[in-house]
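To start, the structure itself, in structure tokens.
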Amino acid sequence: QVQVVESGGGLVQPGGSLRLSCVVSGSIFSIYTMGWYRQAPGKQRELVAKITSDERINYIESVKGRFTISRDNAKNTVYLQMNSLKPEDTAVYLCNAKWYTTDSWGQGTQVTVSS
């Protein structure tokens, strides 16, 4: 059974940085497309960034140039480096591991951007 565990969230001032980590266990990490999603109160969940098994990367427009997704297959970990954070980035950030019919989610980590 695939397990997905996020960490690294917290409270940060506008303009600050955070790095989120997501560790996957129970399967072969390198085959997965990994995605970072976020969900703010009263809003739909949205895909922030994803990285495929061959490291093709996509970002939503609002985070381009500020966020960087990367993966370390040796550590079964995907990262989301978030710089120049804005209040509108406040949300629960969730990690997703997807491979064909396997679609596994973590519990999420809260990111709050506020002065």
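The values are calculated or read from the model by the stated rules, or taken from the named source; none is laboratory data. Since this is a predicted model, take the numbers as computed values, not measurements. Only protein heavy atoms, including side chains, enter the accessible area calculation; ligands, DNA and RNA are left aside. Shrake-Rupley method; radii C 1.70, N 1.55, O 1.52, S 1.80 Å.
A few notes on this one:
- Whole-percent carbon and sulfur share, accessible surface of the chain, 1.4 Å: 47 percent
- Cα-only Debye scattering, region 47-105: base-10 log of I(q)/I(0) at q = 0.21, 0.24, 0.30 Å⁻¹: -0.92, -1.15, -1.48
- All-pairs Cα distance distribution in region 24-80, expressed in whole percent, bin size 10 Å: 23, 48, 25, 4
- Percent RCO, i.e. relative contact order, over region 1-76, from Cα pairs under 8 Å lying at least 6 residues apart: 23 percent
- The C-alpha atoms of the chain occupy a region whose extents along the principal axes are 41, 25, 23 Å, arranged from largest to smallest.
- Per residue, region 15-115 exposes 53 Å² of solvent-accessible protein surface, assessed with a 1.4 angstrom probe and all protein chains in place.
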